[in-house]
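**Student:** Please see the structure below; I have some questions.
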């Protein structure tokens, strides 16, 4: 019995050509090999299959009964192999019904999602985009266990991303937001002492209930008083409008909020670095054409968003 691991699948190509052409020379020409090489291949086939494959007759060479019986199953196997090794069809967003899942915060939903949705409605009307809560914990573990196409967030929130692919989308700075009244913070500046005296809203999905500002304060042996912890920014403008609370948040989100409620933006009295908004994906998607289309869509949406910002 022939062991498949020791069987050269290229012999199937030769078997099909020999049976169809009924000639060693024509089969050699069809497969672009020399006649001596094809004769050697025929000898290997005869040995592997324990069958003559072609025999002489008054009309030339004739396939054996077994060779004829093997022709159609061999052709079917070769068709399947061709489907396996041929390049995938080109991705067409206009006809695709692909479903993508992005794990991110409402910051990305507010800043980038409108542009993404507008583009998709024009060029990819049947693609589904699901936006879910940010990944908690190590992103590479979550992406290996869950069907998440992209995780989008700030570099500081992800920790180690050594096992993931990544790309920067844009930079962002942190500012402070409070109600326009001077009751909590007179003017448009705030000292560190007053910053620490005030009560804060904290937007976080960390189980520890801390954020980036808290990490910076902790390095100085300081802490702020977060009296209200929220999982997202949805209610923040209306809470700020009615209280003397402070909220540290990305500048571009703050600029949206001052258009919704009587609020003012203050510089944070801390030496905070710029944060890079990153998108991460699992290496299994690196060469996926549809996934690359999604990543390019995010890059374009980020570029257009930045171009439209007031100077």
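The values are calculated or read from the model by the stated rules, or taken from the named source; none is laboratory data. Quantities reported herein were computed from a predicted structural model and do not represent experimental measurements. Please note: Cβ atoms are built from the backbone with ideal geometry, for glycine as well, and neighbour counts cover all protein chains shown.
Each row is one residue, and each column tells you yes or no for (1) assigned by TED's automatic domain parsing to the domain that holds residue 74; (2) out of contact with any helix residue (DSSP H, G or I) (no Cβ under 9 Å at 6 or more places or on another chain); (3) free of Cβ contacts under 8 Å to residues at least 60 places away in the same chain; (4) on the phi > 0 side of the Ramachandran plot.
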{"site": "12", "(1), (2), (3), (4)": "yes, no, no, no"}
{"site": "20", "(1), (2), (3), (4)": "yes, no, yes, no"}
{"site": "25", "(1), (2), (3), (4)": "yes, no, yes, no"}
{"site": "39", "(1), (2), (3), (4)": "yes, no, yes, no"}
{"site": "43", "(1), (2), (3), (4)": "yes, yes, yes, no"}
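**Student:** Turning to a different aspect of this structure: List, please: which pairs have Cβ atoms under 6 Å, are six or more places apart or on different chains, and start with a residue in segment 253-274 that is under 14 Å from residue 233 (Cβ atoms) and end with one that is part of a strand (DSSP E or B) and modelled with pLDDT of 90 or more?
**Tutor:** Taking only residues 6 or more apart or on different chains, the pairs are 254/175; 254/177; 254/265; 257/263; 263/177; 263/179.
**Student:** While we're on this one: Using the structure shown, decide if residue 92 is under 30 Å from residue 126 (Cβ atoms) and not assigned by TED's automatic domain parsing to the domain that holds residue 279.
**Tutor:** Answer is yes for this residue.
**Student:** Could you list all residues from segment 230-250 that are within 24 Å of residue 104 (Cα to Cα) and loosely packed, with under 15 Cβ neighbours inside 10 Å?
**Tutor:** Listed by number, the residues that qualify are 231, 234, 235, 238.
**Student:** Name the single residue that is nearest to the chain's Cα centre (by Cα) among those in segment 86-95 being surrounded by 10 or more Cβ atoms within 10 Å (Cβ to Cβ) and free of Cβ contacts under 8 Å to residues at least 40 places away in the same chain.
**Tutor:** 92
**Student:** Could you list, in sequence order, the residues of segment 253-263 that are in a helix (DSSP H, G or I) and either modelled with pLDDT of 90 or more or surrounded by fewer than 18 Cβ atoms within 10 Å (Cβ to Cβ) (or both)?
**Tutor:** 254, 255, 256, 257
**Student:** If you go through segment 113-132 one residue at a time, do you hit one that is part of a loop (DSSP other than H, G, I, E, B) and at pLDDT below 90?
**Tutor:** no
**Student:** Could you list all residues from segment 173-201 that are assigned to a helix (DSSP H, G or I) and farther than 18 Å from residue 254 by Cα?
**Tutor:** 192, 193, 194, 196, 197, listed by residue number.
**Student:** Filter segment 133-149 down to the residues that are crowded, with 18+ Cβ neighbours inside 10 Å and either modelled with pLDDT under 85 or in the same structural domain as residue 257 (by TED's automatic domain parsing) (or both) and list them by number. Break it down into steps so the answer makes sense when it comes.
**Tutor:** Filtering segment 133-149 down to residues crowded, with 18+ Cβ neighbours inside 10 Å leaves 134-135, 139-140, 143, 148-149.
Once the filter is applied, which keeps residues that are crowded, with 18+ Cβ neighbours inside 10 Å and either modelled with pLDDT under 85 or in the same structural domain as residue 257 (by TED's automatic domain parsing) (or both), segment 133-149 yields 134, 135, 139, 140, 143.
**Student:** Quick one: count up the residues across segment 286-308 that are assigned to a loop (DSSP other than H, G, I, E, B) and either without any contact (Cβ under 8 Å) to a residue 12 or more places away in the chain or not assigned by TED's automatic domain parsing to the domain that holds residue 112 (or both).
**Tutor:** The total comes to 3.
**Student:** Same structure again: Among the residues of segment 264-279, what is the count of those that are modelled with pLDDT under 90 and not in a loop (DSSP other than H, G, I, E, B)? Step through it out loud before you land on a result.
**Tutor:** The initial filter retains those residues of segment 264-279 that are modelled with pLDDT under 90, namely 271-278.
This time we only want the ones that are not in a loop (DSSP other than H, G, I, E, B), so: 275-278.
Matching residues across segment 264-279 total 4.
**Student:** Restricting attention to segment 51-85, report how many residues are surrounded by fewer than 16 Cβ atoms within 10 Å (Cβ to Cβ), at pLDDT below 90 and not in a helix (DSSP H, G or I).
**Tutor:** Counting residues in segment 51-85 that are surrounded by fewer than 16 Cβ atoms within 10 Å (Cβ to Cβ), at pLDDT below 90 and not in a helix (DSSP H, G or I) gives 5.
**Student:** Is there a residue being under 50 Å from the mean Cα position of the chain (by Cα), more than 26 Å from residue 80 (Cα to Cα) and not in a helix (DSSP H, G or I) anywhere in segment 17-40?
**Tutor:** yes
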